[in-house]
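The values are calculated or read from the model by the stated rules, or taken from the named source; none is laboratory data. Treat the numbers as computed from the prediction; the structure is a model and nothing was measured. We place every Cβ from the backbone using ideal geometry, glycine too, and count neighbours over all the protein chains shown.
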Amino acid sequence: MEEGWLLNADYVTRNNRAIVRLWIVSGENRLVLLDKNFEPYFYVIPERDSAEMEVERFVEKVEWTRRRDHGREVEVLKVYARHPQEVPRIREEISKLPSVREVREADIPFAIRYLIDKGLIPCGVIEWSGEELPSGEIEVSEILPVEKGTSDPPFKVMAFDIEVYNPHLSTKPERDPIIVISCCTNTGESKLFLAERKGGNSDDRGAIKEFISFVKSFDPDVIIGYNSDNYDWPYLRSRCEIVGIPLEIGRDGSPPKFRGGARRRIKIVGRANVDLYRVAERDLGEVKIKTLENIGAHLGIDFEKAEIPKDKIWEYWDSEREELLQYALGDSLLTMEIGLRLLPLQYEFSRMIRRPLDEVYAMGRGKQVESYLINEAYSRGELVPQKPRELERESYEGALVLKPKKGLHENVICLDFASMYPNIMIAYNISPDTLCKDCSEEEAYVAPYVNHKFRKEPPGFFKEILQRLIETRKKIKAEMKRYPKNSEQYRVLDVKQSTIKILTNSFYGYMGWSGARWYVKECAEATTAWGRYTLLTVVEMARKKGIEVLYGDTDSIFVLNSDKVQEFLEEVNRELPLELEVKGLYKTIFFTEKRKRYAGLLEDGSIDVKGFEVKRGDWSELAKEVQEEILRVILVERDPNKALEYVRKVIRELKDGKIPLEKLAIYKTITKELKEYKSIQAHVMAAMRAADLGRQIDPGTKIGFVVVRGSREKVRERAIPVEEAKKEEIDVQYYIEKQVLATAHRILKHFGYSKEDLLDRGQVSLMDFLGR
DNA sequence: TGGACCCAAGGCCAT
DNA sequence: TGATGGCCTTGGGTCCAG
């Protein structure tokens, strides 16, 4: 048997038959495995026995088999199609038959079906025996997954980035050529491909050709970019069409395939395309403005990169080319560095949910959970439910949030339930297949408030899966202790446990997602009901013990610390089927009267802020900086008066024009097409102005704007993109009142200061008045 | 006509 | 293309006193 890493899977059609094709990395070799012995199939749940005869009219082969549907055994027809492309049509026809109740699993892609049935793990190792064909491909006779301690696959990775000549505000492939393509590899190579000057214009033919031949010669397994799905790839494709060069970079010589519109995914045959921006969008929410540079800084990458304003790229190309080339190279080098840090988690997700890397990176969390469940269902002989027809969103009651006791508190301990929702699902056997309407109260757990019932036995689909995930994670965490924290083994195990944690914590949300195959509202509703009940129970238990509860949210309570707390913890853990543990100890903590907003000084001297504007991406840097400093002075220096003086100083600086423009920019996301907005607020207006000037504004675009002076009253009338603003035009009064004062007063009002106090009206009231 | 009040839209964060 | 709860700003409307 030979061995190799599974990079990707697809199929080819030869002699009208679909042949599964696997792309393998084996040492220095890149192999193609073909399996001719796998047929597309799906299931039919019959209404009557005549279904068999009626279904047979549409296909060559039908056989009876036993499966389970939500735990119950069912006799179903396994229906084989001649070719995967026939499946959608046959499925349509068959599901119309009166003798057919339901069609199942007809929408699982052929190559994915193969991976599931064979138990093969993408980004993992497989072994096979077979025969080499004259074409060099290998026809396999036997193929198996190999259980191995995981490590990162030995893939060759290439990062790339394009720069476009852009004397206009936007870039248009019909008009603007590519001027630089920069590439680098995880083997240390880097290349720049430059356009040539021809009669005053730049000609990118040569650059594109050289790029294509570099891709062919380096032959990467993984190609990464930053926003490449929405910019670099579409642009390259357009340029190739315009200049008449085929973008033949697939391992079979084919061009990339673009699938879908705004949420497009790009497939390159035999390789894996990964856009790190989409990974960052899903996994790095803490980075508010996701530029390449910000992501790099967040990941701790020490990288000096030349700064060139986007709209000046063409000028540098014309007159300061060397700097532009450094900049362009920096982009692909930084993309590579980011890739080296983000890819391991994507590899592990690929293994966990058994999907090729180039699908995993852009899948939403719900789809990732679903892929995992589909594999679990197969191994249990369970039929996969159909996708819900229409997304009928029925909302349900969620978590409980207590009103905080406002003010400063000393020596506060935060207790929380470990993975509350997954553990509730385990404790009360919540699962689509255990939900029962007519169980007796003895044989079922009955959810409080909502009265949904779940059979106590046998363990449900979700319970079994969650139990095993949590158990596996515990083992990994124990194993991690055997290695030093900076070791490779530790890092690999950490990625593994972290993947399990993310997946485990996504189950509840998946259950309540109306687009999920395993969507059952009652399950989600019962989970939160037990959550509310549990939180109320511990609050009551604490009070009975004379422990003061200051705040609580979903699965946590903040209490005044005392020697009673340890005993209380033990009592809770004795009486409830969940584990309450210490999450943190605050020397000082500050609550306002509002929920989900607090700031505390932890034992190690760090400050933990939740909810306040400091943590939000849609406030100016100035406002956030001021609020952060106020919280620090209050919690650490315990000197509200000093905070007051600080605010007054900042306001003076603002009036004196000493605050740089960048600190005044407010960033918000455009979430839909501009014309669809019912309410035109500042960020929408700023985006419209940007669009008028030629900037591309799509849903998902972050727009940075500032508020300038003017006769118009409404903020939106005075909101302009930050790139177009001058510092002299800033509406200082807006920033004082709506940004600095608003955020500062939210904290300082609890220490007896009014907005007037913060403004220092007494001393500068006349100036202030004239200033308006 | 301006201010008090209310509500919905919009966005982002806590859990 | 997991979930609900919650906070805050803005814009748009009504009502009412002056």
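Structural remarks
- Boolean, A:Glu131 is surrounded by fewer than 19 Cβ atoms within 10 Å (Cβ to Cβ), over 37 Å from the mean Cα position of the chain (by Cα) and of a type in the set (D, E, K, R): yes
- Answer residue from the range A:673-701, given it is within 11 Å of DNA strand B (Cβ to nearest atom), assigned to a loop (DSSP other than H, G, I, E, B) and among the small types (Gly, Ala, Ser) and is nearest to A:Lys624 (Cα to Cα) among those: A:Gly700
- Condition met for A:Glu376 (closer than 30 Å to A:Val76 by Cβ and either touching a residue at least 24 places away in the same chain (Cβ under 8 Å) or buried (at least 19 other Cβ atoms within 10 Å of the Cβ) (or both)): yes
- Sole exception among (1) closer than 20 Å to A:Leu578 by Cβ; (2) in a helix (DSSP H, G or I); (3) not hydroxyl-bearing (Ser, Thr, Tyr) for A:Lys475, by number: (1)
- On inspection, A:Glu717 qualifies as within 38 Å of the chain's Cα centre (by Cα), outside any loop (DSSP other than H, G, I, E, B) and in contact (Cβ under 8 Å) with a residue 12 or more places away in the chain.
- In this structure, A:Val450 does satisfy being within 28 Å of A:Leu550 (Cα to Cα), away from DNA strand B (no atom under 16 Å from the Cβ) and either in contact with a strand residue (DSSP E or B) (Cβ under 6 Å, 6 or more places away or on another chain) or of a type in the set (A, V, I, L, M, F, W, C) (or both).
- Restricting A:Arg632, A:Arg648, A:Arg638, A:Arg652 to residues that are more than 16 Å from DNA strand B (Cβ to nearest atom) and at positive phi narrows the list to A:Arg638.
- Taken together, A:Val55, A:Val74 contain a single residue that is surrounded by 12 or more Cβ atoms within 10 Å (Cβ to Cβ) and assigned to a strand (DSSP E or B), which is A:Val74.
- Flag if A:Tyr277 is closer than 28 Å to A:Arg695 by Cβ, among the hydroxyl-bearing types (Ser, Thr, Tyr) and in contact with a helix residue (DSSP H, G or I) (Cβ under 7 Å, 6 or more places away or on another chain): no
- Qualifying positions in the range A:374-407 - modelled with pLDDT of 95 or more, among the small types (Gly, Ala, Ser) and either part of a loop (DSSP other than H, G, I, E, B) or within 28 Å of A:Arg468 (Cα to Cα) (or both): A:Ala377, A:Ser379, A:Gly381, A:Gly398, A:Ala399
- Any hit, the range A:608-630, residues being away from DNA strand C (no atom under 14 Å from the Cβ) and in a loop (DSSP other than H, G, I, E, B): no
- Tally of residues being touching a helix residue (DSSP H, G or I) at 6+ places or on another chain (Cβ under 9 Å), away from DNA strand C (no atom under 16 Å from the Cβ) and charged (D, E, K, R) across the range A:529-557: 2
- Evaluation of A:Asp438 against (1) in contact with a Ser or Thr (Cβ under 9 Å, 6 or more places away or on another chain); (2) of a type outside the set (A, V, I, L, M); (3) without any contact (Cβ under 8 Å) to a residue 24 or more places away in the chain (one fails), failing number: (1)
- Single residue of A:Ile670, A:Ile666, A:Ile659 found to be more than 16 Å from DNA strand B (Cβ to nearest atom), surrounded by 13 or more Cβ atoms within 10 Å (Cβ to Cβ) and within 28 Å of A:Gly285 (Cβ to Cβ): A:Ile659
- Only one of the listed residues (A:Ile90, A:Ile112, A:Ile116, A:Ile121) is touching a helix residue (DSSP H, G or I) at 6+ places or on another chain (Cβ under 7 Å), surrounded by 14 or more Cβ atoms within 10 Å (Cβ to Cβ) and outside any loop (DSSP other than H, G, I, E, B). That residue is A:Ile116.
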